[in-house]
1. Scanning for something in contact with a strand residue (DSSP E or B) (Cβ under 6 Å, 6 or more places away or on another chain), over 29 Å from Glu15 (Cβ atoms) and in contact (Cβ under 8 Å) with a residue 40 or more places away in the chain, does the stretch 472-489 turn up at least one residue?
2. All but one of (1) open to solvent by 50 Å² or more (accessible area, probe 1.4 Å); (2) part of a loop (DSSP other than H, G, I, E, B); (3) of a type outside the set (A, V, I, L, M) hold for Glu497, so report the exception by its number.
3. From the list Ile572, Ile464, Ile535, Ile487, pick out the single residue that is in a loop (DSSP other than H, G, I, E, B), open to solvent by less than 50 Å² (accessible area, probe 1.4 Å) and of a type in the set (A, V, I, L, M).
4. Restricting the search to the stretch 500-512, which residues are surrounded by 19 or more Cβ atoms within 10 Å (Cβ to Cβ), touching a helix residue (DSSP H, G or I) at 6+ places or on another chain (Cβ under 8 Å) and part of a helix (DSSP H, G or I)?
5. Would you please list the contacts, defined by Cβ atoms under 7 Å and residues six or more apart or on different chains, that run from a residue in the stretch 134-163 that is farther than 10 Å from Gly41 by Cα and without any contact (Cβ under 8 Å) to a residue 60 or more places away in the chain to a residue that is part of a strand (DSSP E or B) and open to solvent by 10 Å² or more (accessible area, probe 1.4 Å)?
6. Please enumerate the residues belonging to the stretch 284-304 that are assigned to a loop (DSSP other than H, G, I, E, B) and touching a residue at least 60 places away in the same chain (Cβ under 8 Å).
7. Mind telling me which of the residues Val550, Val515 ends up being more than 39 Å from the chain's Cα centre (by Cα), surrounded by 13 or more Cβ atoms within 10 Å (Cβ to Cβ) and either aliphatic (A, V, I, L, M) or under 24 Å from Pro477 (Cβ atoms) (or both)?
8. If Val238 satisfies all but one of (1) out of contact with any strand residue (DSSP E or B) (no Cβ under 7 Å at 6 or more places or on another chain); (2) open to solvent by less than 70 Å² (accessible area, probe 1.4 Å), what's the number of the condition it fails?
Amino acid sequence: MLLRMSRLLLKTLREDPADAEVPSHRLLLRAGFIRRAAPGGYTWLPLGKLVLDRVTDVVREEMTAAGGQEVSFPALLPREPYEITGRWTEYGDDIFTLRDRRGADHLLAPTHEEMFTLLVQDLTGSYRDFPLLLFQIQTKFRDEARPRGGLLRGREFLMKDAYSFDLSEAGLTEAYERMRAAYQRIFVRLGLDHTIVSAVSGAMGGSASEEFLAAAEVGEDTFVGCTACDYAANTEAVVTPAPAAQPVTAPELQVHDTPETPTIASLVEFANARALAGRTDWTAADTLKNVVVTVHRPGAEAELLAIGVPGDREVDLKRLNAVLAPATATLFDDFESRPDLVKGYIGPQGIKIRYRVDPRVAPGTAWLTGANEPGRHATNVVAGRDFAPDGTIEAADVRAGDPCPACGSGALTIRRGIEIGHIFQLGRRYTNAFAVDVLGADGKPQRPLMGCYGIGISRAVAAIAEQHHDERGLVWPASVAPADVHIVAAGRDGQVEAALQLGATLDRAGVRVLVDDRPQVSAGVKFTDAELIGIPRTVVVGRRLAEGYVELRDRHGGTRQEVPLVDVAGVITTEVG
């Protein structure tokens, strides 16, 4: 491959685009890899398409090596299969739907579990057809409410999704571990620093869910690690260690006048100033905060839910929505319609809506909380004695320093990352929905178990850019760079011709080459563009050409060396391997 910048569809930008929010978005636009086509949708320009294809090739190679067989489904799918599994409703506004001229409903596929299951039902019938691992690399669509971060959160994206079909739990476990290992190889080859964390399955269903997160400050996922063991989890999947039930030792519940104390901070200040219940050491952690949310279930009427958390915590809607999926929750604010819910003074005793608590609110624990009257709070409100919650819920925020739920002795640290892969053990959710049965070795029907394994390929490009850039531009790993070497002709007589001849020599040797042969472009602009584009090796055909030398630059380490022109092709060919 020999690309000439004089003929390449490429326009680099000197300044950051105004609407670019994160480094990968800014640099991919500035270096001419992508171009915004619509909100949440991007055109891949020639250099960007080369990177996308190289990432795709790595994924395809490892999936094939792991025993996968590639297929390709349409992106436009009929409503009926998704109606059968309930996901036509569950996805709600997250999917693009449309109706054809015959009045039939369709969707632009956000994911393809249903279609893979139907294909297996159609083409298999015996235990001899299993195990089976199928995958595709296909464009997906989701109607993101707030597309952001360029390729990190779009409405249209390229994804690899794979599905294993096995007839035993042991077979499913083996397929899952094989895919887990394949994913690790993929992300190592892509140069991505990543962490495998426990996760929740959400709308996908199933169990044994793990995410692969690429470390990045701009990542939308927050995950934890332990200082004493190898525990790692998305904060959505963190399980709060619950204290054991305690004997009730607190005196009877007592109601106090607490005017102008609608917030935890004002309540604690007032409680200490007035020595409520004889105490002057009240903290936010001694209070019980009760937050009301509206739960929206697909295809059902909204309902109210109150959640009790220690007052030093906040309700994390992302964690809450992970628990409630496919339902979603929003903060309730129409308190005028519910006079029984006194804003700022809600207590769990006698509450008239469904009420669930953080696991820390264990039976026997006593709290300072609302008395369900304006300007009044109650002390010695004991869980199990004065109120009985409708179960526990993981909705409180997770903080650095929280105890590790795995080992108990370590403390949690918190980092941010970009989800680049997700694997699930789906079990029989989809084969049950379509009643997929095959004849077993004993002549009896058997229902296959499924695993699901996804990689966001276009998102992986952005994740690589997030991890591999500096103040001058992109710094692509050699495995995904749009070319192996960037030859810059400084512009004097004979330098362009020498650069093109060197490029042709390297091209014949199997090296992918980009030559900057643009006329009337200064050497300074060419050097700036080379650093912005970020190809691992740059050869400068410049002032020492007359002496038979060129300069070889390493974009990663920043080193420079003078190399005889007659030797440079051999040096580069050896490095590229």
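The values are calculated or read from the model by the stated rules, or taken from the named source; none is laboratory data. The model shown is predicted, which means the values in this text are computed figures rather than measured ones. Ideal geometry is used to build each Cβ from the backbone, glycine not excepted, and the neighbour counts take in all protein chains shown. Note: accessible area is taken over every heavy atom of the protein model, side chains too, but ligands, DNA and RNA are not part of it. Shrake-Rupley method; radii C 1.70, N 1.55, O 1.52, S 1.80 Å.
1. Looking through the stretch 472-489, none of the residues is in contact with a strand residue (DSSP E or B) (Cβ under 6 Å, 6 or more places away or on another chain), over 29 Å from Glu15 (Cβ atoms) and in contact (Cβ under 8 Å) with a residue 40 or more places away in the chain.
2. (2)
3. Answer to the check: Ile535.
4. Leu502, Leu506
5. Asp143/Phe96
6. Residues satisfying the conditions are Pro298, Gly299.
7. Going through Val550, Val515 in turn, the sole match is Val550.
8. (1)
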